[in-house]
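As structure tokens, the structure follows; a few thoughts come after it.
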Amino acid sequence: ELVSFARNPGEGDKPSPGSLEHYGDGLLWLQGQHIHAVGHFSELAPSLPEGSEVLDYRGKLIMPGFIDTHVHYVQLDVMASYGRQLLDWLNDYTFPEECRFANHAHAEALSNAFLDEMLRAGTTTAQVFGSSHPGSMDAFFSACNKRQLRMLAGKVLMDRNAPEGLLDAASGIADTERLIEDWHNSQRLGYSVTPRFAPTSTKTQMDAAGALLRNDPTLWLQTHLAENSCELDWVAELFPGNQDYLSVYEKAGLVGPRSTFAHGIHLDNGMRTRLAERGANIAFCPSSNLFLGSGLFDRYAAQETGMAFSYASDIGAGTDLSGFDTLKSAYQVGQLSGQPLTAWQGFYGLTHGNAKTLALDSHIGQLAPSFEADFVVIDSNATPLLTRRIQRCSTLGERLFALMILADDRAIYETWAAGKCQHQRDQS
Ligand code: GUN
Ligand code: FE
């Protein structure tokens, strides 16, 4: 069974006509790293070349690989650190942990551990923060290329208000230029310029980051925006005379169509409209926002103002790398806000929608000819409970919703990237 979205299914209880592609008896035909054809098994199978290898996944559900638009690989071991909101959490747990990435062996070990966990969760592409040490990104990018993964990532830029071992005033921009040279467009990789957030970068550093983007419009930009109310007060203090938080980033030239701003909880419609006009997107990080008590993202206000948003785990403040968990948390946030999230919206968001916000939608996010062969094989009978619940479902919509609420990495039977099986639940 194949499920993919050709476009946004809309907000209704049923996907808008032509948006959902669903084959109960589908054949996904791969050629090298790409998808060659998609269709009904009975129609396509006769044209398979003689000697083709055919794998039988009857009873399983195949979807495009999940995409995570905002996650910190260097915070894998910070997950589940108790009882603090953003600024204390950064100082008490996160900054000390990120200091460890000065050690290259540690960065290599954590890069591989993170990619293993991502693939176990069915995520094939992510936009990733490293630490401020350039070596943390050499380790990460090189681990991605060994697996031929499509990833966006960058070294954090931070030149103030953090421990000495993380500050990069002297070398941050030059290191970023060197990393871009070495890794941007290497295999399937892209470089995302990564000022951590306004409180830890001087205006000088943010202006220099903006200059890099002006120089090469194929680069991405990732940072944090309006996550926590104490953060907002601090930004107002550090950057007096600015209209609001977003204008700090606008003045540095950081707001464009390839820019992802994590969180965007405490925004007004003026800022939302300005983000929409520049084609930037907000990464909605629901499990992180619940975990740190940051607030409830207003999905309807985003839709009303035309502001694009994506779905993200934000590990280590997020509580799970699983896309299912991100959708469950997004649903819970929606319920507390009177903004219920349909399974159509959720799974479209996790795949095609996230690809679109990252400007990767001509490469990934759909099961369609010429797309890259990144996909997940889902086992809806992964646990006795899932089996019971799925048996009671009579429609695809009900089944997808049950997965979104009940499934976790046990339901990821296999994860494929670049046309290769890279995770098998029962064997690794
Ligand atoms: N704001 C600045 N840095 C961070 C971070 O590492 N995690 C989160 N959630 N917010 C941030
Ligand atoms: Fe984050």
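Using a 10 Å cut-off on Cβ atoms, rank the peptides 150-163, 407-420, 86-99 from the highest mean neighbour count down.
Details: 150-163: 22.9, 407-420: 20.9, 86-99: 18.9.
The packing order, highest mean first, is 150-163, 407-420, 86-99.
Between their Cα atoms, which of 328/356; 328/420; 155/328; 356/420; 146/251; 60/420 are more than 27 Å away from each other? Could you put the intermediate results ahead of the total?
Details: 328/356 21 Å; 328/420 29 Å; 155/328 30 Å; 356/420 23 Å; 146/251 38 Å; 60/420 18 Å.
Beyond 27 Å: 328/420; 155/328; 146/251.
A DSSP coil position with no more than 13 other Cβ atoms inside 10 Å describes the following trypsin sites (Lys or Arg not before Pro) in the range 300-404: 392.
Phi-derived couplings, Karplus 6.51 cos²θ - 1.76 cosθ + 1.60 at θ = phi - 60°, listed residue by residue for the range 349-357: x, 5, 10, 4, x, 5, 4, 5, 5 Hz, with x used for Gly and Pro. The stretch between residue 383 and residue 109 holds 95.6 nm of extra length on full extension. This uses 0.36 nm per residue minus the Cα-Cα distance.
Taking the chain as a Gaussian network of alpha-carbon nodes connected by springs under 10 Å, the highest mean-square fluctuation of the residues 20, 358, 296 belongs to 20.
Phi angles of the range 166-177 translate, via the Karplus equation with coefficients 6.51, -1.76, 1.60 and θ = phi - 60°, into HN-Hα couplings of 9, 7, 10, 3, 6, 10, x, 6, 4, 4, 4, 4 Hz per residue; Gly and Pro are given as x. What separates the Cα centres of the range 167-237 and the range 45-101 is a distance of 22 Å. Treating each Cα of the range 318-372 as one equal point scatterer and applying the Debye formula with no solvent, the log10 of I(q)/I(0) at q = 0.15, 0.18, 0.21 Å⁻¹ comes out as -0.49, -0.66, -0.81. Scalar couplings 3J(HN,Hα) for the range 332-340, obtained by applying the Karplus form with A = 6.51, B = -1.76, C = 1.60 to θ = phi - 60°, are 5, 4, x, 5, 6, 10, x, 10, x Hz; x denotes Gly and Pro. Residues whose amide H comes within less than 5 Å of that of residue 423, counting only those at least five positions distant or on another chain, are 415 (H built at 1.01 Å from N in the peptide plane). Take the chain, drop everything but the C-alpha atoms, weight them equally and run the Debye formula without solvent; then report log10 I(q)/I(0) at 0.10, 0.12 Å⁻¹ to two decimals. Reported log10 I(q)/I(0), two decimals: -0.65, -0.94.
Taken together, the values in this text are just the output of simple stated rules run on the coordinates, not laboratory data. Predicted model only: the values in this text are computed from it and were never measured. With ideal geometry, Cβ positions are generated from the backbone for all residues, glycine too; neighbour counts draw on all protein chains shown.
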